[in-house]
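Reading through the structure tokens given below for one structure.
The values are calculated or read from the model by the stated rules, or taken from the named source; none is laboratory data. Being a predicted model, the structure only gives us computed values, none of them experimental. Note that we place each Cβ from the backbone using ideal geometry, even for glycine, and neighbour counts take in every protein chain shown.
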């Protein structure tokens, strides 16, 4: 396992990060604990979660993922060996206690309430990386294309207020570092600029989607990652598992995410399916597992700090972690480039 510095922080994180959003929905507590044990044995020291998980989000499973991680931490001990990341939810889930009128406001009372809830469920005194799950403002995220201006955005929290609220929790020792998620280049630059102007916490990471099917991060955000030392924590590197090829030819594997929830169609457009077929064919041509090829591509991008992998079975988890040992040949990289030219970002 290789490790990289988490932005300007003094934390080193593993090349792959264990994503946990299936815990409490597709995975039981016992299965989640087995995954965590195995990942740590393989050198993974980075675990990502969120107050909103399990996914798909609903009142019945809100906070379950954090609770499962919490019981594992309590059983295992050695909390300081794990880099733990979580997130405060955005709007749209009225059953979350700190969300009011359908919208989280990233200000003092909301952040404090959300953080205290996460700490209690995780059974820890601090979170290493606390992230804003998605922007409070209207902008492009979760696959939205074409920025749509709203004349009025009521009660938006100024970014400096959000940073001051987060600083209170950093000063209290409950957060070590902060990051963003589902963020645009404009948002990244604003958080960086305002933090430096007012001596407030500077973001160390951004968690955005990135995969062979969605390389839109390269267009604007990647330069910011490079110049400002704000690494990408890449999520959905397999596009909900699509890039494994298991859904091609209208297959519906039992218990698989898109089989269970067909509305998760972000990576299953006609263009996305055609691109997936091309990538799977390329992997087979070079005797590679399609999923491992897709993960290795993400692992080897210089602006990626860590690749957030997820799995519902131990077989998937072992294969995904093993992707760190794969180096793509020049021929494979050239093949990927040609497919990307033919199908540029088919599933943003």
Legend entry - First in the range 327-348 and farther than 18 Å from residue 217 by Cα, second anywhere and at pLDDT 95 or above and assigned to a helix (DSSP H, G or I), Cβ under 6 Å, 6 or more apart: 328/296; 335/282
Legend entry - Within the range 227-255, tally of residues that are surrounded by fewer than 20 Cβ atoms within 10 Å (Cβ to Cβ) and under 19 Å from the mean Cα position of the chain (by Cα): 1
Legend entry - Whichever residue in the range 49-78 is within 20 Å of residue 127 (Cα to Cα), at pLDDT below 95 and over 19 Å from the mean Cα position of the chain (by Cα) and, among such residues, is surrounded by the most Cβ atoms within 10 Å (Cβ to Cβ): 76
Inset, instruction - Among the numbered conditions (1) over 24 Å from the mean Cα position of the chain (by Cα); (2) part of a loop (DSSP other than H, G, I, E, B); (3) at negative phi; (4) touching a residue at least 24 places away in the same chain (Cβ under 8 Å), tell me where residue 154 comes up short. - result: (4)
Inset, instruction - Would you be able to say whether some residue in the range 299-306 is in a helix (DSSP H, G or I) and within 29 Å of residue 83 (Cα to Cα)? - result: yes
Legend entry - Residue list for the range 133-167, filter: surrounded by 16 or more Cβ atoms within 10 Å (Cβ to Cβ), touching a helix residue (DSSP H, G or I) at 6+ places or on another chain (Cβ under 7 Å) and at pLDDT 95 or above: 159, 163, 165, 166
